[in-house]
Amino acid sequence: MAAPKDERIAVPIDDPNADTEWNDILRKHGVIPEKPPSPTPLIEEAILEGRRLAHENRLEGKDLDELDALEDLEDENFLEQYRQQRVQELANLTKKAVHGTVYPISKPDFVHEVTDASKNGPVLVNLTSGLGTNVESRVLTELWRRAAREYGEIKFCEIRGDMAIEGYPDRNCPTILVYDKGDIVKQIVTLMTMGGVRVGMEEIEALLVEIGAVKDNDMRILKRRKAKEDAEEERREHGGIRSSKATVEEDDDDWD
């Protein structure tokens with residue numbers, strides 16, 4: 001029978017989480033709860049799994065020149081397998097690159113060049129500004145050309161906003177229209193949600209992935225992502241300070 005409340009003995013507990021013989025006795029009799037399992041094994045397992053995946057994917061995103069530079073460091077058969085994979089990927093991209101340039105279109109061409117063409121794959125349209133003072137429109141026009149060159153399998157078009165839609169306000173330019181399977185599936189009015197005038201190819205590629213035009217593991221995306229990571233790592237190693245020599249060399253390049 002339990003002792004009366006005023007006669008119960010207070011069991012001394014120093015640290016219920018400590019690994020002591022006394023705590024083991026208390027846990028056995030249910031005085032203190034069982035000690036939760038240590039997270040250390042799970043953390044170590046996650047770290048090992050992360051290292052394993054990083055090792056297996058260490059060649060992802062590397063082009064043929066980068067693979068050739070690793071000849072002395074990697075197993076030749078393993079390296080040759082990746083080299084052949086890259087050659088095949090490049091061949092497939094070349095075969096699919098039926099566009100490679102931006103198509104300037106007019107309103108009468110819109111249905112044929114955009115709506116109908118999107119039945120064979122996504123078509124992206126840039127509604128440009130008619131004013132030379134619209135900086136966002138000028139930025140996107142340059143990125144449009146670059147994207148069209150790099151992703152030749154995707155059709156990129158452009159038309160002045162007020163020529164495509166009568167009375168379309170210039171303040172809404174640039175506007176990106178995405179057509180797929182004959183319907184408009186996405187529109188982005190101005191670049192505000194994409195970083196404004198600081199938008200870059202990373203944001204354009206994110207859009208291409210979102211609409212299913214390319215896969216997230218596309219070698220072109222992986223290569224740009226790797227280059228960005230390398231640049232960030234280099235900045236961290238140098239404390240974000242660029243050497244004066246590098247600055248001079250870049251300035252010289254501007255005059256070439």
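The values are calculated or read from the model by the stated rules, or taken from the named source; none is laboratory data. Given the structure is predicted, the values throughout are model-derived calculations rather than measurements. Quick reminder, even Gly has a Cβ in these numbers, built from the backbone with ideal geometry, and neighbours come from all protein chains shown. The protein model used for the area step is the full one, side chains on, heavy atoms only, and it has no ligands, DNA or RNA in it. Shrake-Rupley method; radii C 1.70, N 1.55, O 1.52, S 1.80 Å.
Within the group Asp183, Asp170, Asp216, Asp230, which residue is of a type in the set (Asp, Glu), touching a helix residue (DSSP H, G or I) at 6+ places or on another chain (Cβ under 8 Å) and modelled with pLDDT under 95? It would help to see each step written out before you state the result.
Working: Asp183 fails: modelled with pLDDT under 95; Asp170 fails: modelled with pLDDT under 95; Asp230 fails: touching a helix residue (DSSP H, G or I) at 6+ places or on another chain (Cβ under 8 Å).
Asp216 is the lone residue from the list that is of a type in the set (Asp, Glu), touching a helix residue (DSSP H, G or I) at 6+ places or on another chain (Cβ under 8 Å) and modelled with pLDDT under 95.
Could you check Lys155 against (1) under 13 Å from Val102 (Cβ atoms); (2) among the charged types (D, E, K, R); (3) in contact with a Lys or Arg (Cβ under 7 Å, 6 or more places away or on another chain) and say which number it fails?
Status for Lys155: all satisfied but (3).
Do any strands (runs of 3 or more DSSP E) lying entirely in region 116-186 carry at least 3 residues that are among the β-branched types (Val, Ile, Thr) and closer than 19 Å to Ser106 by Cα, and which ones are they? Spell out how you get there, then give the answer.
Numbers: elements: 123-128, 155-160, 175-180.
In region 116-186, the matching strands (runs of 3 or more DSSP E) lie at 123-128, 175-180.
Output the residues belonging to region 134-159 that are in contact with a Phe, Trp or Tyr (Cβ under 9 Å, 6 or more places away or on another chain) and buried (at least 20 other Cβ atoms within 10 Å of the Cβ). First the steps, then the outcome.
Going residue by residue through region 134-159, those that are in contact with a Phe, Trp or Tyr (Cβ under 9 Å, 6 or more places away or on another chain) are 144-145, 147-148, 155-159.
Those that are in contact with a Phe, Trp or Tyr (Cβ under 9 Å, 6 or more places away or on another chain) and buried (at least 20 other Cβ atoms within 10 Å of the Cβ): Trp144, Ala147, Ala148, Lys155, Phe156, Cys157, Glu158, Ile159.
Evaluate the following for Thr128: is it touching a Gly at 6+ places or on another chain (Cβ under 7 Å), closer than 16 Å to Ile204 by Cβ and modelled with pLDDT of 95 or more? Spell out the reasoning first.
On the way: touching a Gly at 6+ places or on another chain (Cβ under 7 Å): yes; closer than 16 Å to Ile204 by Cβ: yes; modelled with pLDDT of 95 or more: yes.
Answer is yes for this residue.
Among the residues of region 187-207, write down those that are part of a helix (DSSP H, G or I) and open to solvent by 70 Å² or more (accessible area, probe 1.4 Å).
In the first step, residues of region 187-207 are kept if they are part of a helix (DSSP H, G or I); the result is 192-194, 196-198, 201-207.
The answer is Met192, Thr193, Val197, Arg198, Glu202.
Find the residue count for region 132-176, including only residues that are over 19 Å from Thr193 (Cα atoms) and touching a residue at least 40 places away in the same chain (Cβ under 8 Å).
Counting residues in region 132-176 that are over 19 Å from Thr193 (Cα atoms) and touching a residue at least 40 places away in the same chain (Cβ under 8 Å) gives 17.
Answer yes or no: is there a residue in region 117-131 that is closer than 24 Å to Arg220 by Cβ, within 25 Å of the chain's Cα centre (by Cα), touching a residue at least 60 places away in the same chain (Cβ under 8 Å) and surrounded by fewer than 18 Cβ atoms within 10 Å (Cβ to Cβ).
yes
So, in region 96-116, of the ones that are among the hydroxyl-bearing types (Ser, Thr, Tyr) and surrounded by 13 or more Cβ atoms within 10 Å (Cβ to Cβ), which residue ends up farthest from Cys173 (Cα to Cα)?
The initial filter retains those residues of region 96-116 that are among the hydroxyl-bearing types (Ser, Thr, Tyr), namely 101, 103, 106, 115.
Next, from what is left, pick out any that are surrounded by 13 or more Cβ atoms within 10 Å (Cβ to Cβ): 103, 115.
Values: Tyr103: 18, Thr115: 21 Å.
Top of the filtered list is Thr115.
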